[in-house]
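The structure under discussion appears below in the form of structure tokens.
The values are calculated or read from the model by the stated rules, or taken from the named source; none is laboratory data. If you're wondering where the values come from, they're calculated on a predicted model, not measured in any experiment. No Cβ is skipped: glycine too gets one built from the backbone with ideal geometry, and neighbour counts run over all protein chains shown. When the accessible area is computed, the model is the full protein with side chains, heavy atoms only, and any ligands, DNA or RNA have been set aside. Shrake-Rupley method; radii C 1.70, N 1.55, O 1.52, S 1.80 Å.
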Amino acid sequence: MDFLNAIVALANYVLIPGIAYGSQLAIGALGVTLVYGILRFSNFAHGDTMAFGTMITILLTWWMQSVGINLGPLPTALLALPFGILGCIGLVLITDRVVYRFYRVQKAKPVILVIVSMGVMFVMNGIVRFIIGPDDQNFSDGSRFIISARDFKTMTGLDEGLGIRTTQVITVVTAIVVVAALFWFLNKTRAGKSMRAYSDNEDLALLSGINPERVVMMTWIIVAALATIAGTLYGLDKSFKPFTYFQLLLPIFASAVVGGIGSPLGAIAGGFVIAFSEVTITYAWKLVLGYMMPEGLEPSSLVQLMSTDYKFAVSFVILLIVLLFKPTGLFKGQSTT
């Protein structure tokens, strides 16, 4: 029984949260890797793009809740999400037309675009904070749990309970659908093949008659959709705070680089590597080891390698290691050095 309790505790505090968090990072990292692979620069404004799309979703969710529109056991935010995506698409297309297009026409070096994206990041961050405020915003409703820890204990008779939140299941299911749809689009549609061709060889793609402005527009539309979905899922699973989305830029970039920046498959793998690294290193293993160790040898301390306050430092260390020893990442994306 102690072994089963240890497995349940591990699943409840490490496996399930890691899978949900990894799904959120994977969707976010897909947006970063698309911009890098097709538009040729690292978009430092991606975290605040997520925040903006999520903010639109939250505002519409609050309005729907105020007039009695809901999805029953599911979060109302799922109804508002398509409108949040549209709002985010409008923002990134305007930003591209007003800001990035000038530097693209001038054929500016990627480092210039990186610096420009940092300026865009601060502007977006200011807009979001001005509209919705800097504090935590909770917009989740509907049923909180699919199965609660108390119900699990009653069903199994174990000392440890397993709680599976509705938002965690929605996150994983949505991630599977989004990734499948993106890969289908990139591999089966004419627009997707044009984007891949433009990414592989820009000059050859132009000679083949591919419209570069159309490719750029499609890229930003997809990136805005991915950013809003990832941001909304993260907000539902935890809470929405603009500064947190600014901080999320680090694990999202780390996910893209670890998997191989420019590689969509690598972004997904990298998301889960970073997520499980953060969760396992910051988890206090005292409970699990207490069940696993012989009587009398149970640990007296928390057995926690690092406080959760420093979880983003894990992403930073992994990012440094990958950049130093394998800059092309796990799936041999484009070198970042």
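A few comments on the model shown:
- Under 20 Å from the Glu298 label point (7 Å along Cα→beta-carbon), backbone N, the range 1-44: 1-14
- Test item: Cα-centred dipole of the range 1-249, Lys/Arg +1 and Asp/Glu -1 on Cβ, debye: 760 debye
- Among the trypsin sites (Lys or Arg not before Pro) within the range 160-190, not one is in coil by DSSP while having at most 14 neighbouring Cβ atoms inside 10 Å.
- Computed extension length for Thr280-Leu4: 97.5 nm, one decimal, from 0.36 nm per residue of separation with the Cα-Cα distance subtracted.
- Surface composition of the range 239-330: carbon plus sulfur atoms hold 71% of the accessible area, using a 1.4 angstrom probe and ignoring ligands, DNA and RNA.
- 222 nm mean residue ellipticity, helices alone, for the chain (DSSP H n ≥ 4; -39,500 (n - 2.57); rounded to 500): -22000 deg cm²/dmol
- Shape of the range 96-176, Cα gyration tensor, a/c cut at 1.5: prolate
- Spatial offset of the range 114-181 relative to the range 1-20 amounts to 19 Å, using the alpha carbon center of each.
- Computed label-point distance, nm, for sites Glu213 and Phe122 using a 7 Å Cα→Cβ extension: 3.1 nm
- For the range 170-220, the orientation-averaged shadow of the C-alpha convex hull comes to 3.8 nm² (one quarter of the hull surface).
- Spin-label model, Leu74/Leu289: points 7 Å from Cα along the beta carbon direction are separated by 4.3 nm.
- Prolate/oblate/rounded label for the range 44-143 (Cα gyration tensor, a/c 1.5): prolate
- Residues listed by number, the range 12-28, amide nitrogen under 17 Å from Thr156 label point at 7 Å toward C-beta: 12-19
- For the residue pairs Lys153/Lys241; Lys109/Lys326; Lys153/Lys238; Lys238/Lys286; Lys238/Lys311, the C-alpha atoms sit more than 27 angstrom apart in Lys153/Lys241.
- Length released on extending from Ile115 to Leu204, taking residue separation times 0.36 nm less the Cα-Cα span: 29.2 nm
- Excluding ligands, DNA and RNA, the accessible surface per residue across the chain is 48 Å² with a 1.4 Å probe.
- Solvent accessible area, Å² - Ser42, 1.4 Å probe, full protein context: 20 Å²
- Kyte-Doolittle mean at least 0.0, axial Cα span of 24 Å or more - DSSP H helices of the chain: 16-34, 46-66, 77-95, 110-132, 166-188, 212-237, 264-282
- Placing +1 on each Lys and Arg Cβ and -1 on each Asp and Glu Cβ, with no other charges, gives the range 131-220 a dipole about its Cα centre of roughly 420 debye.
- Summary value for the chain: 31 percent relative contact order, contacts being C-alpha pairs under 8 angstrom separated by 6+ residues.
- Whether the range 1-83 is rounded, prolate or oblate, judged on the alpha carbon gyration tensor where a/c under 1.5 counts as rounded: oblate
- Gain upon complete extension [Ala11, Ala149; 0.36 nm per residue less C-alpha separation]: 48.5 nm
- The chain - Debye-derived log10 I(q)/I(0), Cα point model, q = 0.09, 0.10, 0.11 Å⁻¹: -0.51, -0.62, -0.75
- Förster-model FRET efficiency, 30 Å R0, Val98 and Gln65, C-beta, rounded to 0.05: 0.35
- Computed E for Lys193/Leu265 - FRET, C-beta separation, R0 22 angstrom, nearest 0.05: 0.85
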